[in-house]
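First up is the structure itself, then whatever we jot down about it.
The values are calculated or read from the model by the stated rules, or taken from the named source; none is laboratory data. Because the structure is a prediction, the values reported are computed rather than measured. Don't worry about glycine lacking a Cβ; one is built from the backbone with ideal geometry, like all the others, and counts go over all protein chains shown. Accessible surface is based on the protein model in full, side chains and every heavy atom, while ligands, DNA and RNA are left aside. Shrake-Rupley method; radii C 1.70, N 1.55, O 1.52, S 1.80 Å.
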Amino acid sequence: MEAGEAKKRIEKLRAAIEYHNYLYYVLDAPEISDAEYDALMKELLALEAAYPQFVTADSPTQRVGGAPAEAFRTVAHPLPLLSLNNAYDTGELMEFDRRVKKQTLAEPLTYVGEQKIDGLTVALLYQDGVLVQGATRGDGLRGEDVTANIRTIRSIPLKLREKIPGRVLVRGEVFMTRDSFQELNRERERAGQPLFANPRNAAAGSLRQLDPGVTATRPLDAFFYDLLLWEGAASTFPATHWEAQALLKEWGLKVNPYSRLCASIEEVVEYCREWEEKRSTLPWEIDGVVVKVNSLALQERMGTTAKAPRAKIAYKFSPEEAFTRVREIQVNVGRTGVLTPLAILEPVRVGGSTVGRATLHNEDFIREKDIRVGDVVVIRKAGEIIPEVVRVVPEHRTGTEKPFIMPARCPACGAAVYREPGEAAVHCLGASCPAQQKEKIIHFASKNAMDIAGVGPAVVNLLVDKGLIKDAAGLYDLTAGDLVGLERFGAKSAENLLAAVERSKENPPERLLFALGIRHVGEEMARRLVGHFRDLDRIFTATREELVAVPEIGEAIADSIRRYMEEAQNREFLERLRRAGLKFKAEEREAVAEPLEGKTFVLTGALAAFTREEAEEALRGLGARVTSSVSKKTDYVVAGENPGSKYQKAMDLGVPVLTEDEFLRLLADLRATEREASQRRDN
Ligand code: IVH
């Protein structure tokens, strides 16, 4: 290629690359693929290598260049970079508004609300549209010259999109997104390097690298918010901050898309509230909102104090993290009997409220974080989320801190507690533990257990809170006199409830066994156990060996039943149920072989005539086992609409498959046979 032609091509490529950089980094709306972009870059690099006389500092190939510095040079800012006064509540924003209004003339007063990015300030100087200097804020008058590092940040244009004569100074914030920060820390952890504490520190540490080659590998980004100087502008300098932001964007500088033009301080307050609430949903961290008078003439007129402009204010969010001390670790018993440790803290303000307690989840959480009573801890409350202990600050330890020990007895009722191997939760075993009682009664009365109509959560709450019952056995002592007159009870509803309680005494023992809510003893297991032992007392006195000898009854179930019976409270509870007249023994039945005894069924797909539960019930009523997966031991698979992989498995294994029609016919035939048999018996 001839030199003149190469020069033209180089210029064309640069313009194209800058355009695509702008689309990608500033507008976040790329038009070409990464591969196409890479191809342009590769061609430019090759041409510049062949024609080094055409390489310029503002070429997109020149982002990383130059050797590491010994130390940063400091440079004077063309204008002082001021800081901001803070407002900590809406009252202070209203005061700010009053001060502004005093200086306002006839012009309409509007504000711009902007997210206050938690990063670090940079000032960029463009000379005739070309980036010539990037500096940190420093003391506001002089900052560190980080130009070489700034140049490595992809979203910062080395050249403005228009050739702007003279000097332009813009102020912005360099930051790292939360995702990039986490990714960077993961890499550092793998490499055994110290971790950054937060995205802000990571951004600052990355920008202040002496070797720009290192900065180039760090995922930095930047937003620009203030146009501080535009020498060549004369009559074209924008009249408002809002217009200035639009101009920055046109020039190719990235501006925060969430800035808002507000017609009143009320709208500003609304903007502040909105982002205080939604801050955790943003990809970057913000620590407040910056409120700016929109009119630049008014900004000018209001002037500055020694440190800050009077026409801008930072509304600071309450921090999401705070230090405090653990006064005590309490243990609460939840509705399901799980013991949950809770840190009682010296109250601190964090995340917009005062926090005095934080859940510690379970024993393992406390051990992992090594949280002790007396420790200084970092707590975090982000958005709506409940406060959490993030970590202990071991530097504050005095040696008097006390490690936490999970109590061996339930703090609510004194019963023994139990931790299932492999699970984090510790359960209270007490049957009459007040913390668990309501939940247990609700389960006891529920449809698939004792089916006592009218005894749901609201009624159980009422009865327990009024002291009328303490446990499910108490239901059988209720009288009409107890109920009538309670809110939601009239004579009729009291009568209905008592009738339902009375009827429940007729339930077969397998229902009662399930209703007890013994861990691992679900409906199916209760049925099996009663089917085998025929009498609850035999189940409760059975040895572990006798229990595990029952098909499908494993060690976990056996142990759970044994543990239940070890509690004296539970034994007393059962005695009261017995005295109330509940059935502990299965009805005597003649030992007729059930027609499907020994057969295993698997159901798949949707049945038209039954719910899944009804179909299972019907099969079990005829003595069949119903399991959930198909194996060689499966006798039949019943396939409804859209059967799943179980159908395929049955086909593969050669297990017979029944359609719904065939299944219905089978049930009808078997039931008819049973009826005939029982009629014969009765005659
Ligand atoms: S305006 C005269 N706007 O907050 C001060 N600052 O606490 C002009 N910051 O040093 C600053 N986002 O580093 C402004 N949208 C924003 C900002 C912002 C973050 C930082 C900036 C400043 C600090 C003041």
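Values computed for the structure shown
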{"quantity": "Selection status of VAL269, surrounded by 15 or more Cβ atoms within 10 Å (Cβ to Cβ), of a type in the set (Val, Ile, Thr), away from the ligand (no atom under 16 Å from the Cβ) and at pLDDT below 95", "calculated": "no"}
{"quantity": "Given (1) within 25 Å of LEU125 (Cβ to Cβ); (2) crowded, with 20+ Cβ neighbours inside 10 Å; (3) at pLDDT below 95, index of the condition ALA233 fails", "calculated": "(2)"}
{"quantity": "Which listed residue is closer than 16 Å to GLN115 by Cα and either assigned to a helix (DSSP H, G or I) or of a type outside the set (Asp, Glu) (or both), from GLU243, GLU267", "calculated": "GLU267"}
{"quantity": "Filter result for GLU566 (without any contact (Cβ under 8 Å) to a residue 24 or more places away in the chain and surrounded by fewer than 20 Cβ atoms within 10 Å (Cβ to Cβ))", "calculated": "no"}
{"quantity": "Residues (open to solvent by 20 Å² or more (accessible area, probe 1.4 Å), over 14 Å from GLY531 (Cβ atoms) and assigned to a loop (DSSP other than H, G, I, E, B)) located in the stretch 569-587", "calculated": "GLY581, LYS583"}
{"quantity": "Residue identified as open to solvent by 40 Å² or more (accessible area, probe 1.4 Å) and closer than 16 Å to ILE329 by Cβ among GLU401, GLU388", "calculated": "GLU388"}
{"quantity": "Elements of type strands (runs of 3 or more DSSP E) in the stretch 32-135, at least 2 residues being over 29 Å from ALA239 (Cβ atoms) and touching a Gly at 6+ places or on another chain (Cβ under 7 Å)", "calculated": "74-76"}
{"quantity": "Candidates TYR88, TYR126, TYR111, filtered to the one that is surrounded by 18 or more Cβ atoms within 10 Å (Cβ to Cβ), out of contact with any Ser or Thr (no Cβ under 6 Å at 6 or more places or on another chain) and within 18 Å of VAL289 (Cβ to Cβ)", "calculated": "TYR111"}
{"quantity": "Among (1) at pLDDT 95 or above; (2) away from the ligand (no atom under 16 Å from the Cβ); (3) under 30 Å from ASN85 (Cα atoms) - the single one GLU320 does not satisfy", "calculated": "(1)"}
{"quantity": "Scope the stretch 276-314; condition within 27 Å of the chain's Cα centre (by Cα) and within 11 Å of the ligand (Cβ to nearest atom); matching residues", "calculated": "TRP284, GLU285, ILE286, ASP287, GLY288, VAL289"}
{"quantity": "Matching strands (runs of 3 or more DSSP E) fully within the stretch 331-440 where at least 1 residues are touching a helix residue (DSSP H, G or I) at 6+ places or on another chain (Cβ under 7 Å)", "calculated": "338-350, 376-380, 388-392, 417-419, 426-428"}
{"quantity": "Of the criteria (1) more than 30 Å from SER264 (Cα to Cα); (2) in contact (Cβ under 8 Å) with a residue 40 or more places away in the chain; (3) more than 12 Å from the ligand (Cβ to nearest atom); (4) outside any loop (DSSP other than H, G, I, E, B), which one GLY143 fails", "calculated": "(3)"}
{"quantity": "PRO219 vs. criteria under 21 Å from ILE117 (Cβ atoms), open to solvent by 30 Å² or more (accessible area, probe 1.4 Å), away from the ligand (no atom under 16 Å from the Cβ) and out of contact with any His (no Cβ under 6 Å at 6 or more places or on another chain)", "calculated": "yes"}
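Rundown of residues vs (1) modelled with pLDDT under 95; (2) open to solvent by less than 20 Å² (accessible area, probe 1.4 Å); (3) over 30 Å from GLU277 (Cα atoms); (4) in contact with a Lys or Arg (Cβ under 8 Å, 6 or more places away or on another chain), yes/no style:
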position	(1), (2), (3), (4)
LEU105	yes, no, yes, no
GLY143	yes, yes, yes, yes
PRO194	yes, no, yes, yes
GLY213	yes, no, yes, no
